[in-house]
Amino acid sequence: MLLTISTEHKPATDLGFLLHKHPDRFQSFDLSFGQAHVFYPEAGDDCCTACLMLDVDPVGMVRGKGRNQSFLLSHYVNDRPYVASSFLSVAISQVFGTAMGGRCKDRPELVTTPIPLTARLDVLPVRGGEGFLHRMFEPLGYTVEAVQHSLDEQFPEWGESPYYSATISGTKTLSELLTHLYVLVPVFDNEKHYFVGEDELEKLLSKGGGWLASHPEKEQITRRYLKHRSSLYRQALARLVEEELEPTEDQAVSEQSEETLEKPLSLNDQRHGVVMAAIRSSGARQVLDVGCGEGKLLRELLQDRQFEQIVGMDVSIRSLEIAQKRLKLDRLPERQAERLKLIHGSLIYRDKRLEGFDAAAVVEVIEHLDPPRLSALERVLFEFARPQTIVLTTPNREYNVMWDTLPAGQFRHADHRFEWSRQEFQDWANRVGEQHGYSVRFLPVGPEDEKVGSPTQMGVFERG
Ligand code: SAH
C-alpha cells in the first residue's frame with residue numbers, strides 16, 4: 001500500500017521540511033501492525049515526491065502481535081496489507097503527525113501557506129463507487145482522478161473490483177491534505193481495524209474541525225467513520241450542527257401541505273399560543289422542544305425571558321439547519337445564543353441530553369412515529385427524560401371531515417403514521433400517565449365543533 005505526495009511548489013524540496021523527513025534518506029518505522037517506510041523517488045527544486053509505504057504484517061497480527069487489531073485479520077489472506085485503510089490513518093498520524101498537526105520549525109511560514117499538492121493512493125477500496133470518491137473530495141476543493149482496477153486483469157469477464165488508484169490534487173496546506181486523508185481513507189473502506197469508542201468521536205470532531213460541519217456528505221462520513229455506532233453518530237452530528245455557522249438555502253417543503261390545509265384557521269399559531277400558555281403557567285425555566293422542526297415554537301420561547309435554557313431537538317438535520325438559519329443563531333448576541341441549543345437526536349432512543357428539564361413540548365410529533373415506536377418514545381420521554389410537565393399535541397382525526405379539500409380517510413400530512421380520535425388519544429395519554437406517575441388534563445386547540453371537537457388535541461401531563 002502506497003501513499004504518494006508530490007508538490008511543484010518552488011522550491012519543491014520544502015516538502016521534506018514540512019514532512020519532517022529528509023529527502024535523501026530512506027526511513028523505516030515500526031508500527032503495531034507492521035512497518036512504514038518513507039522515501040523520496042524524486043526530490044528536485046521543481047518537483048518533489050514523497051512516498052509512504054505500508055508493510056502490514058498479517059501473519060504477525062494473526063499470531064497476536066498487536067493483539068487488539070488481530071480480530072479483523074483473522075485470516076492470513078485478506079486485502080488489508082495491500083489497500084489504504086484505517087492502517088494508513090494510523091501511519092499518517094504516527095509518521096507524519098507533526099506535519100498533520102501543522103508544525104514546522106524550519107519553515108513555519110509554509111505551514112499556513114496553501115501549496116499545490118497531489119496525493120495518490122494505491123490502492124483505495126471504495127465502497128460506494130467512483131461517484132462517492134468525487135463527492136468526498138471535490139467539496140473540499142480537490143480535483144479527483146480515479147482508475148478502477150478489474151478483479152483480475154487476465155480475466156476481465158470477472159468484472160470490476162472495488163479497488164481504485166485515486167489521485168487528488170489541490171492547493172492546500174500539507175496539514176489540511178493529511179487531515180483529509182486521515183479522516184476519509186477509512187470512510188471509503190468502511191471498515192476499522194480497531195474498536196470504535198468515545199475517543200474516536202473526539203478524534204473525528206477535532207480532525208474534522210473547520211471543514212466537516214459544512215461538508216455535504218458529513219452524515220455519511222460521520223456514520224462510516226464511527227463505524228455505524230448509532231449513539232456516537234448522533235452525538236457527533238449534533239455537535240456538527242452546532243458548529244455549522246452558515247446553513248445552506250432554505251428549500252424545505254416538508255411542513256407545507258399540512259400548513260396550507262390548516263392555514264385558514266392559522267391553526268399553527270393557535271397551537272403554539274396554547275402550548276406556550278401551558279408551558280408558561282407551569283413555571284418552567286428549562287424547556288425542551290422535542291421534534292422542534294423548523295423552530296417556530298423555539299422562536300416564541302426565546303422571546304420570553306422566563307425561559308433560561310431552551311433546547312430544541314429533532315431527528316431531521318435539514319429541519320435543524322433551517323431552524324438555525326431562521327433563528328439567526330449565529331447572529332444572536334452571545335447571551336441570547338447561550339440560552340438556546342439545537343441538538344440532533346431521535347425520541348425513540350434514550351438520551352441523557354434530555355434529562356433535567358422542567359418542561360417538554362411535543363407538538364405534532366407523535367403521529368410521525370410508527371405505532372411500534374411509540375412505546376419507545378413513551379419510555380424515553382416519561383421514564384428517562386422525566387420533565388415535570390409535558391405538553392403534547394396531536395391531530396384530532398374526527399375533525400378531518402371539516403376540511404372539504406381533504407379526501408375522506410386521508411391523513412393531513414403524508415408523513416403521518418396515524419391520526420387519533422379524541423377517545424384514542426385520551427386512552428393512550430391516561431395509560432401512559434398512569435404508568436409513569438403523571439396526571440393529565442386535556443384541552444382543545446382551535447375552533448371547537450360540537451360534534452367532532454377541535455382540529456388539534458392537547459394533553460398536559462404533570463408529574464405527581
Ligand atoms: N413541533 C414542530 C414540528 C412538527 S412536525 C411544530 O409544531 O411546528 C414533526 C417533527 O417531528 C418533524 O420536524 C420531524 O422531523 C420530527 N420527528 C419525527 N420523528 C422524530 C423522532 N423520532 N425524534 C425526534 N423528532 C422527530
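List of remarks:
- Residues (open to solvent by 20 Å² or more (accessible area, probe 1.4 Å) and at pLDDT 95 or above) located in region 402-427: 420, 422, 423, 424, 426, 427
Yes or no, residue by residue, for (1) within 12 Å of the ligand (Cβ to nearest atom); (2) open to solvent by 40 Å² or more (accessible area, probe 1.4 Å); (3) more than 30 Å from residue 220 (Cα to Cα):
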| site | (1), (2), (3) |
| --- | --- |
| 281 | no, yes, yes |
| 290 | yes, no, no |
| 305 | no, yes, yes |
| 370 | yes, yes, no |
| 377 | yes, no, no |
| 382 | no, no, yes |
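- Checking each residue in region 351-366 for being within 12 Å of the ligand (Cβ to nearest atom) and surrounded by fewer than 20 Cβ atoms within 10 Å (Cβ to Cβ) picks out no residue at all.
- Unmet requirement for residue 195, which otherwise passes all of (1) modelled with pLDDT under 65; (2) among the aromatic types (Phe, Trp, Tyr); (3) within 23 Å of residue 341 (Cα to Cα): (3)
- Summed over region 6-28, residues that are in a loop (DSSP other than H, G, I, E, B) and without any contact (Cβ under 8 Å) to a residue 24 or more places away in the chain total 4.
The values are calculated or read from the model by the stated rules, or taken from the named source; none is laboratory data. The structure displayed is predicted, hence computed values, not measured ones. Neighbour counts are summed over all protein chains in view; Cβ atoms, including those assigned to glycine, are modelled from backbone coordinates with ideal geometry. With ligands, DNA and RNA removed, areas are computed over all heavy atoms of the protein, side chains included. Shrake-Rupley method; radii C 1.70, N 1.55, O 1.52, S 1.80 Å.
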